[in-house]
Structure formats: C-alpha cells, structure tokens
1. How would 97, 410 line up from fewest to most surrounding beta-carbon atoms within 10 angstrom?
2. Please work out the FRET efficiency for the pair residue 231 and residue 257, using the Cβ-Cβ distance as r and a Förster radius of 25 Å; give the result to the nearest 0.05.
3. Could you line up 199, 185 from fewest to most neighbouring Cβ atoms inside 10 Å?
4. At 0.36 nm per residue, minus the direct Cα-Cα distance, what do residue 314 and residue 284 gain on full extension? Give it in nm, one decimal, please.
5. Quick one: dipole size for segment 131-287, taken about the Cα centre, charges +1 on Lys/Arg Cβ and -1 on Asp/Glu Cβ, in debye to the nearest 20.
6. What FRET efficiency comes out for the pair residue 54/residue 402, r = Cβ-Cβ distance, R0 = 51 Å, nearest 0.05?
7. Check each of the chymotrypsin sites (Phe, Trp or Tyr not before Pro) in segment 305-355 and keep only those in coil by DSSP with at most 10 other C-beta atoms within 10 angstrom; list them in order.
8. Suppose R0 equals 51 Å. What FRET efficiency, 1/(1 + (r/R0)^6) with r the Cβ-Cβ distance, do residue 96 and residue 150 give to the nearest 0.05?
Amino acid sequence: MSKPRNDLLDALKENSDQATQRFEQARHLPERCLVVSFYEGDSYGKMGLIVDKKSATLNLPGTREKQIAMHADHSTICKFESADSPVCELVLGTIADEVDRALTMGRSAPCPVPSYPLNSMAPVKTFVQRLALRDNIRNQLVRPLQSDRQWEVKRVGVWGMGGVGKSQLALSYLQRYRTEYDATFWIQADQTASIDRGFLAIYRLLAEATSSLSDPSPEDVKREVLGWFARASGKYLVIFDGADSLHQADKNFVPLSEYCPGSPHIHIIITSRSSIAKSMSTFEGVSVGELEESQSVELFLTCAEIQSARESVVAEAKLIVHELGYLALAISMAGKYVSQTPRLSSNLSTYLDEFRHRRRDLLSETPNELVAMYHHSVMTVWETSYSAVSEHLPEASRLLTLLSFIHYDDIFLELFGLDIDSGS
C-alpha cells in the first residue's frame, strides 16, 4: 500500500462505479452481519484524506455498520509496526469486542428475507432525476386509506409512452426507499410467461423450503408465492415492470391482478404504456410524459460527454432535443451517438442535418450500453405502440398515418375537441 494503484484509488472515490457496486453488494449481506469500516484520521501529505468517513459508509439500515477513525494516514492505515502499536491494538480490540458481542447474542432471530433479484439492477448513469414524479409515487404509497379500506394493498400505476423513463423512475424509487422495506421484488411483466418465471424464482427463494410440492405448475407456484406474501409480516415492495398488455383484447393480455399480492403491508408499483395502469392504482397513479427542456438538455449533454457547454452549444442542444420531442430514450441515443462521433461532438450544429438524412437508421439503434435490460430502439418502441393502436382502433392508426405528414407543431389540438387554454 506504500504506492497504491490508480484504479484502487478511483474505486475508493465517492460515487465511483466500484463504490456503488460495493455498496449494493453490502446491502444484501445477512441482516445480523456487522460491517466495520476503518478510515483515515491523518492527512496524506498534500493529498489530504483519501479514504474519509463518507468513503467508509455503506448506508446500511439500523446498527448494521460502524465507522472507526484511525490515527493513521493512507500509507500507514494498513501497515502495523508491531502487534502492540496503537493502530493495530485498535483493530484487534474492535474485532475481539464484536466477536464477544456476537457470541452473547440470542440465536432465535428469524432469517432475513432476500430480495429478488439478488443483485441490484444498475441504474442508468445518465438518468436525470425526476424528483417530483418520484415524490408523487412515494406520497401515494404512504397516503392513509379511509377506515373502510384499511385492508387494501396500495398500488401505484406509472404509465406513459415507451421510452419516457418509466422503468428508471421505478428503479429510482426502489433505490431511494430500499431501506424502508424488508425486501424488494422486481418482476418483468411484459408477458404472463415472464411473470411466471419471476414467481418461480421467488418461490425457490422463499417458499420452496416449506412447500410439499415436488414439481409445481405455474398455478401452484403463483398460489404458493401469494400465500407466502399473505402470511408474511414484513413490509415489502413489489414492482411489475413493463406491464403493457393490460387490455383484455390485447393479443398477449396479462391478467396482472391475479399476480398482485393482497396484503396491506405490501406496496406495488406497475409500469406500463397502457393507461389502464391508472385504473389499477389505489389513488390517482402517476403519468410520465416527456422531459422538460432543461432536463432534456442536461440528459443530452451528459450522454454526449460534453462537460462544460458554451451558450452556443446549449442553444444547439435545445434545437436537438426539441426535434426529438423531449423523449428520454431518443435523447439518450442521440447523445451517445454524438459522444462516439468526434466530428459531431466538435461541431454540434451538424447533428440535425445528419439526423434528418439518417433518421430511421439512428432511431433503430438499441441502447444496450446505456440502459441495462432495455433492448428496444426508439423505432421499435414506436412500432409496438402503433401496432397496439391498430389492433384496438384501426381508425386511430389511419389518423396517425395521416398526421405523420404534418409537423407536430402544425397539428391543431382543437381538431380533437381539446381546449388548449384550459390545458384539457
């Protein structure tokens, strides 16, 4: 440690990818596992404190961790001159005290409930926080119910067109309030089969040990998992992500209500392109629309890896995000393309011309590097939504085809009976 590697120092920096991964892994330690972190109390020359208290904090709930300052700098914190040196005695004494405490603890405490999936999904690094929407989800989940509805489970539907960031919003809520729950469960809900796979994984995680079934069917698994939730006394968060086929006329209709636990100590979030998610909400639900202009510009510049933007660059970015309709997915892909194309990043004013000539190719790119577990391009999102409209309302799809020949700024909302002045 006399000359630490640069990659090690980078891993210890606040908000580094390695630190985030370390923190997430620590969250899944057994509940009765104590984490003791030692940090530097002395400055390392001009570099100051390299591993400070914040770097040694995992933010585990309750008393599951402690931080101890050592009278040592970065070069001596892991090197002991002798077993009776003050620094070594502090470390050994702390370990001995905690072992003694653990040996005297009772052993009847219940085992903690693991979350699913066990490994947390990585958030999109470029995600622009939409705190008002996240707070809206939280407010609805903690809002008191009337006395005659106390038995109801609280559900919040989060709906909006594809690519606006619904899944990332739900993930943002999960990460912010994870410690409020005994366990969290994220289930892909685009098809009944994908929910069944998620339930089977949860069954093996939680209910299989107490079940007498040797080869359970999907119906058996669903019954066992819902029964486990009904009997459990903890507080849990269940997220059904991508539940787009909620209409009974959908080709791949998903009877989501059949999979929703009914216990009042469970919170449920449903993300969907269908506004039916609103009717599934306990209260009003959350509608997710396009980003605000400032959020769109921030997202674009972040994805484009443009650090300090001049006024002229910001002005060009505003034109680009306006052209993209303030759609989060499209903006993310555009920014990523700019970051990988030096001639564009050095002259942003040429992007729109290229986009207009190669619109279909650019919108067909998938965001695999940007968004984990999201494999739809902007074009795929549009085609899927258009197909759903065609399936239910052929007249509406023909109208959309007609309107595609008109710039969206030239479409008069009065044609649809909408009162622009009142915002309806």
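Laboratory data are not the source of any read-out in this text; all were calculated from the coordinates shown. Predicted, not measured: the structure shown is a model, and the values here were computed from it. Using ideal geometry, Cβ is built from the backbone for each residue, glycine included, and neighbour counts are taken over all protein chains shown.
1. Exposure proxy ranking, most exposed first: 410, 97.
2. The calculated FRET efficiency here is 0.80.
3. Result, fewest neighbours first: 199, 185.
4. 7.2 nm
5. That gives segment 131-287 a dipole magnitude of about 520 debye.
6. With a Förster radius of 51 Å, E is 0.35.
7. Nothing satisfies the criteria.
8. My answer for the efficiency is 0.55.
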